[in-house]
Each structure stands twice: as structure tokens, then as C-alpha cells.
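Student: Here it is: the structure, laid out below.
The values are calculated or read from the model by the stated rules, or taken from the named source; none is laboratory data. None of these values were measured; they are calculated from a predicted model. When we count neighbours, we look across all protein chains shown, and the Cβ atoms used for this are built from the backbone with ideal geometry, even at glycine. Side chains included, ligands, DNA and RNA excluded: accessible areas come from the protein's heavy atoms. Shrake-Rupley method; radii C 1.70, N 1.55, O 1.52, S 1.80 Å.
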Amino acid sequence: MIFQFEKDGIPVVLDVNSGAVHIVDKIIYDILEYYPQGMRDAKVHKDSILEALKEQYPIEDLNAALEELDQLIEEEQLFTKAVKRGGNFEHVIKALCLHIAHDCNIRCKYCFASQGNFKGENLLMNFDTGAKALDYLIENSGNRRNLEVDFFGGEPLLNFQVVKDLVDYGKNKAMEWNKNIRFTITTNGTLLDEEKMDYINENMENIVLSIDGNKETNDRMRYTVNNKGTYDLILPKIKRMVEKRGNKPYYVRGTFTNFNKDFAKDVIHLAEQGFSNISVEPVVAPKDEDYALGVEDLAEINEQYDILEKEYFKKIGTKEEFEFFHFKMNLKKNPCQEKRALGCGAGVEYVSITPEGEIYPCHQFAGNQDFKMGSIWDKQNLDSEIRNNFRNASVENKKECRNCWAKYYCSGGCHANAYHENGSLLEPYDLGCEMEKKRIQSSIIIEAKKKLESD
Amino acid sequence: MTFITTLVRGTTTKDENIAGCGECQTSCQSACKTSCTVGNQDCENPNR
């Protein structure tokens, strides 16, 4: 299966199964239009291709181009068969989202966690529960060495002493078991002070700092309990945090909604504030909310990605260069087939733990009793039916994904988005798919332009 | 090649045996928390 597209005058061919990406001349692009999908040996069609294109291109060029295509096919870089998965079906857990606080000190209109409490009580996780969760992670991690723990909420800084105690506990325990836990934290930034910043910089592999964009955009959706905007409160703190962070990874992370479909300006605004790692992502919301995005917004959203792509490319190599999470693509060492087919691992190797110690497939399912997989306080194994449902929600088993060229970049998309939109893990969220395809094309074109400029 | 510049070489069938070590980052933990983008994940298998 191949996919061809042309953007900014650059024709590109993707070999979907292998992940190969080729920048091609128009002659190749035009020839490939005559290759049936999945065709590995097009010899029989060569005469008809020559006949069809002889007015457009010299015969010798057509023959040379056909030879190059044969060579790519021979090298398993075009029309490849699907690579089999590694088949690593061990029941291991390698990543936790630790809901350290089901409470929040600010109010965000679009909060999927219902202002932090996930539709339950306002609760902080105590140390014993957190320690038990870390035990659970380490003891169920099999032969995985690299483990991850994200302190999440609500607002995790509301419970910072427990965060610190758990980092100490986790590090000691990891050493005993020869594991490497990468701690990360997701925060709205309002409670950051010098001491917390230093601690986070020393102990957290990554920090995600929430801000939506410029003041107008941010304050429309993210406000204090007294209905005041949070932009002026957040910005100096996260600037200081990033300044102190040096070269360690971080992301400023915003959400765009129906109210700022012109979100390219918000990304650019964040870049202008000196942030070099930015992620601004579409809101996921019930359709009837006024801030929700719909398929009717797609053209406008795509236009914004185009604007952003141009701005992003323009800044490469300058002092204002920035990273945009959704344009980032590791093309040199693309993920293995296991990863490409199953993606995030929610409910399989990644789970979230609530302050009470309940286990859910991920933070977006927390509190939904239909998805409760167990408790860290029980000796029982995780609910096998739920786990199997998540394990089976791979691109191979989703009808919409099977013939989609983008399937191995998004690996079937977010399970929570699929479920919340369609009530099924197996039916992807269509607007999410379309936006993802747009972003993948932008990412590839950015890399193609870099390559063409460097050659 | 005259007409083709390969930007990324694909994973071939020969690579399949060393795939799936599971040491890489969980994609959702990195920044998004709402979307799944595995294309930007770093493979951490030193043998690939």
C-alpha cells in the first residue's frame, strides 16, 4: 500500500507498511498513479504506462524511472508487505499516570476531569496509596527497565510533598529492582515557586506546563475560582521555570477550541514568549458544548496548520526556532511495528491510578466504572476483558484504519477519543483522524524541505 | 537514483525479530494526554 501527496510543490510517496518516505520527481508520481494499490510487480503494466505517458515524458526517462521503481521494490522500500508484529504479549505494566490530586486551584471550561475531581470527591492521594502504586508498577514491569510515572491531576502541585516523598520512594525501589523510573509532571504552573522549580528540574525528566496561547485565548477558557483570567499569573512562572530548566525537556501545552480556531497565532505567541517546545492541541469535547470542534471546522483548522507549518519552517536554524509537538516526527528511527500498530498502550501497559488506588486504562477513563480494571489494594489481576479489549484495539482490528495510509503514524488514534465520540474503542474519532493526517503531511513536508535544502 | 530521493528508509521484514522491546516512552505521557502520535517517538532499542 502506498500513499502519494503533493504539497508546496513537493511530490511525496509513502510506503505505508515499511514507513519508507520518498521525495520523487513528478514523473515517478505520475507513473505511480498507474500502479494498482499493493502492486509489487508491475511489469505487465509497463507497456500501458509507457503508452499513457509518452506524450508527457521522453520514453527513455519513463524507462529509467520504471527501473528506479523496480529497484525500490527490490530493496523492500515500496509496495512492501505488512511487517509482522514482534508478538510481545507479556502482561507487563510500564507506565503510570498517577492522579496525585483530584482537585484543582483553577477552573478550565473544557476540563475533561470536571475541574479536577473527575466527577468524584475532591481528593488528594496519600503517600501509602502512591507508594503502593509504585510497588504495583515495579512488580508488574517484567523485564522492562525504563518505566514512567506522570504526576497528574487535577493540579499535582496541590499535593507536592507527597510527590516529593513518592519520588524518593520510587527511586530507592527502582534501584533495588534495577529499574529506571522517568518521573514527569503536568501542571497549570500557578503554584510554582523557586523551590518547587528547582526540585522539578532536578527530579523530573519532563514537565508539561499548561497555557493556551495569548491572553485573550487563555483567559477565555482558563480562569481562577473568582473568574479572573490566569494568563498574567501563569506566564511569568512558567517563563521562569523554563529559564531555570536549561536543556532538560519540557512542553508548554495548550488546547485550541471553537473559540480560537485561528490557533496558529497562539502557537506563534507562545514561541514569541521564548518557549521552544510547544504543543497546542484540539479540544476533545461533547458535541453540544459551544467550545467543541466539529468536522465543519476542518477547512479552517487545516489552513491554520498550513500557516503554522510555514512559520515553523521559516524559524528553523534561527534564534526563534521552536518545536511544535505535532510536527515532530522521528523519521530516522521510526517506531517498531508493535508500537506502530497499538500505539499508546493504554489499558495494556499504561494505566492510571486514582487517589483511592483504583486502576483505569488511562486518565481519560478515570472515574468511569465501566472501565475500572481493578485496584492496587487487591491481589487480583487486572480485569482481563477490559485489558483484552484495549489490546485488541489495534490498527489491524479497526475497520476505518485498515486501509488508511496514516495508520502507522497515529497507530489508530486515542482510545478515549474513539470511545467518547463513538462509544467504541474500535471506531476512531473522525475529526481527530483528519487533523492527524493533515499534521503528518505537514511534518513530512517539513522534513522533505530540510532534506532538499541540505542536499 | 535520478528521480527519487529517499527521505526515510522503511523497516524491512528482516527487522521484525528485534521489534517490540517496549523500552520506549508511552506516547501519551510525552506532552499530549489527548492524542496519540507514535510517529514522533524515539525508538530506544539499541539493537535496531
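Student: Could you state the accessible area per residue of chain A in Å², with a 1.4 Å probe and every protein chain left in place?
Tutor: On the way: 18970 Å² over 455 residues.
Accessible surface, normalised per residue, equals 42 Å².
Student: With the contact rule set at Cα under 8 Å and sequence spacing of 6 or more, what percent relative contact order holds for the stretch A:375-455?
Tutor: Result for the stretch A:375-455 is 22 percent.
Student: While we're looking at this one, here's another question. How large is the Rg to Rh ratio of the stretch A:358-455 when both quantities use alpha carbon positions and Rh follows Kirkwood?
Tutor: 1.13
Student: Work out from phi, with θ = phi - 60° and the Karplus expression 6.51 cos²θ - 1.76 cosθ + 1.60, the ³J(HN,Hα) of each residue of the stretch A:210-215, listed in order in whole Hz, and give x for Gly and Pro.
Tutor: Values, residue by residue: 8, 7, 8, x, 6, 4 Hz.
Student: Rounded to the nearest 5, what % of DSSP beta bridges with both residues in the protein assembly as shown are antiparallel?
Tutor: 45
Student: Nearest 0.05, what FRET efficiency do A:ASN227 and B:ASP42 give at R0 = 51 Å with Cβ-Cβ as r? Display every interim value, and only then the final one.
Tutor: Working: r = 42 Å, r/R0 = 0.82.
The calculated FRET efficiency here is 0.75.
Student: Compute the acute angle (0 to 90°) between the alpha-carbon long axis of helix A:59-74 and the principal axis of greatest extent of the alpha-carbon atoms of chain A; round to the nearest 10°.
Tutor: Between helix and principal axis, roughly 40 degrees.
Student: Let me ask something else. What is the set of long-range amide H partners of A:HIS102 at a cut-off below 5 Å, with H atoms built 1.01 Å from backbone N?
Tutor: A:LEU123, A:LEU124, A:MET125
Student: Which pairs in the list A:LYS109/A:LYS437; A:LYS81/A:LYS372; A:LYS319/A:LYS339; A:LYS26/A:LYS81; A:LYS237/A:LYS319 are over 30 Å apart, alpha-carbon to alpha-carbon?
Tutor: In this structure, A:LYS81/A:LYS372; A:LYS319/A:LYS339 lie more than 30 Å apart at Cα.
Student: Remind me, what semi-axes does the protein assembly as shown give for its equivalent ellipsoid, largest first in whole Å, using sqrt of 5 times each Cα gyration tensor eigenvalue?
Tutor: 41, 26, 20
Student: Answer with one residue from A:PRO355, A:GLY367, A:CYS344: the one whose Cα lies farthest towards the positive end of the charge dipole of the stretch A:317-410, charges on Cβ with Lys, Arg +1 and Asp, Glu -1.
Tutor: A:CYS344
Student: So how much slack lies between A:THR318 and A:GLU121, counting 0.36 nm per residue of separation and subtracting their Cα-Cα distance, in nm?
Tutor: Residue separation times 0.36 nm, minus the Cα-Cα distance, leaves 66.1 nm.
Student: Could I ask something else about it? In the stretch A:183-276, what % of DSSP beta bridges are antiparallel (nearest 5)?
Tutor: 10
Student: In the stretch A:1-18, whose amide N lies under 19 Å from the spot 7 Å out along Cα-to-Cβ of A:ALA82? List them in ranges.
Tutor: Residues passing the 19 Å test: A:1-3, A:14-18.
Student: A further question on this structure: What are the ³J(HN,Hα) values, in whole Hz, obtained from phi via the Karplus relation 6.51 cos²θ - 1.76 cosθ + 1.60 with θ = phi - 60°, for each residue of the stretch A:430-445 in sequence order, with x given for Gly and Pro?
Tutor: Computed from phi, the couplings for the stretch A:430-445 are 4, 5, x, 4, 5, 5, 4, 4, 4, 5, 5, 4, 4, 4, 5, 5 Hz.
Student: Using only Cα atoms, find the angle between the long axis of helix A:194-203 and the longest principal axis of chain A, and express it within 0 to 90 degrees, rounded to the nearest 10.
Tutor: Taking the Cα atoms of chain A, the angle to A:194-203 is about 50 degrees.
Student: Right, something else. Would you mind computing, in nm to one decimal, how far apart the modelled labels at B:THR5 and A:GLU356 are, each placed 7 Å from Cα along Cα→Cβ?
Tutor: About 5.8 nm, to one decimal.
Student: Give the long-range amide H neighbours of A:LEU382: residues separated by 5 or more places, or on another chain, with amide H under 5 Å away, using H modelled in the peptide plane at 1.01 Å from N.
Tutor: none
Student: Taking H as built 1.01 Å from N, whose amide H comes closer than 5 Å to the amide H of A:ALA20, not counting residues under 5 places away?
Tutor: It is A:ASP15, B:GLY10, B:THR11, by chain and number.
Student: Rounded to the nearest 0.05, what FRET efficiency do A:SER114 and A:TYR169 give with R0 = 30 Å and r taken as the Cβ-Cβ distance? Could you check?
Tutor: 0.55
Student: Given points 7 Å out from each Cα along the Cα-Cβ axis, report the A:ASP135 to A:ASN397 separation in nanometres with one decimal.
Tutor: Calculated label separation equals 3.2 nm.
Student: Report the extension gain between A:ASP370 and A:VAL295 in nm, rounded to one decimal, defined as 0.36 nm multiplied by the number of residues separating them, less their alpha carbon distance.
Tutor: 24.2 nm
Student: A further question follows. Express the Stokes-Einstein translational diffusion coefficient of the stretch A:27-172 in µm² s⁻¹, to the nearest whole number, given a Kirkwood radius over alpha-carbon pairs, 10 °C and a viscosity of 1.306 mPa s.
Tutor: 77
Student: Ballpark to the nearest 100 Å², how much total accessible area do B and A bury together, probe 1.4 Å?
Tutor: Chains B and A together bury roughly 5300 Å² of accessible area.
Student: May I pose another question? Rounded to the nearest 500, what is chain A's calculated 222 nm mean residue ellipticity when only DSSP H runs of at least 4 contribute -39500 (n - 2.57) each, over all residues?
Tutor: After summing the helix terms and dividing by the residues of chain A, the value is -11500 deg cm²/dmol.
Student: Does anyone have the angle between helix A:160-176 and the longest principal axis of chain A? Alpha-carbon axes, 0 to 90°, nearest 10?
Tutor: It works out to around 70 degrees.
Student: Partner chain Cβ atoms within 10 Å, averaged over the residues of A:135-148 - can you pull that number for me?
Tutor: What the average comes to for A:135-148 is 2.
Student: In nm, to one decimal, how far is the A:GLU6 label point from the A:GLU67 one, both placed 7 Å along Cα→Cβ?
Tutor: 2.5
Student: Using only the alpha carbons, work out the radius of gyration and Dmax of the stretch A:92-197 in angstrom.
Tutor: Just the Cα atoms of the stretch A:92-197 yield Rg and Dmax of 14.2, 43 Å.
Student: Hey, what do the phi angles of the stretch A:337-353 turn into as Karplus ³J(HN,Hα) couplings, whole Hz, using 6.51/-1.76/1.60 and θ = phi - 60°, x for Gly and Pro?
Tutor: Karplus-based 3J(HN,Hα) across the stretch A:337-353 equals 4, 4, 5, 5, 8, 10, x, 5, x, 4, x, 10, 10, 10, 9, 10, 10 Hz.
Student: Which parts of the stretch A:421-451 would a label at A:LYS287 reach, counting a residue when its backbone N lies under 15 Å from a point 7 Å out along Cα-to-Cβ?
Tutor: In the stretch A:421-451, the label zone of A:LYS287 (backbone N under 15 Å from the point 7 Å along Cα→Cβ) covers A:421-424, A:428-432.
Student: Next question. Set the Förster radius R0 to 60 Å, insert the Cβ-Cβ distance between A:ARG107 and A:GLU60 as r into 1/(1 + (r/R0)^6), and round the FRET efficiency to 0.05. The partial results should precede the final answer.
Tutor: Values: r = 69 Å, r/R0 = 1.14.
The calculated FRET efficiency here is 0.30.
Student: Let me ask something else. Tally Lys and Arg at +1 and Asp and Glu at -1 over the other residues with C-beta under 15 Å from the C-beta of A:TYR223: what net charge comes out? Each step should come with its number before you reach the end.
Tutor: Details: positive: A:ARG107, A:LYS109, A:LYS215, A:ARG220, A:ARG222, A:LYS228; negative: A:GLU155, A:ASP212, A:GLU216, A:ASP219, A:ASP232.
That sum, taken over residues with Cβ under 15 Å, equals +1.
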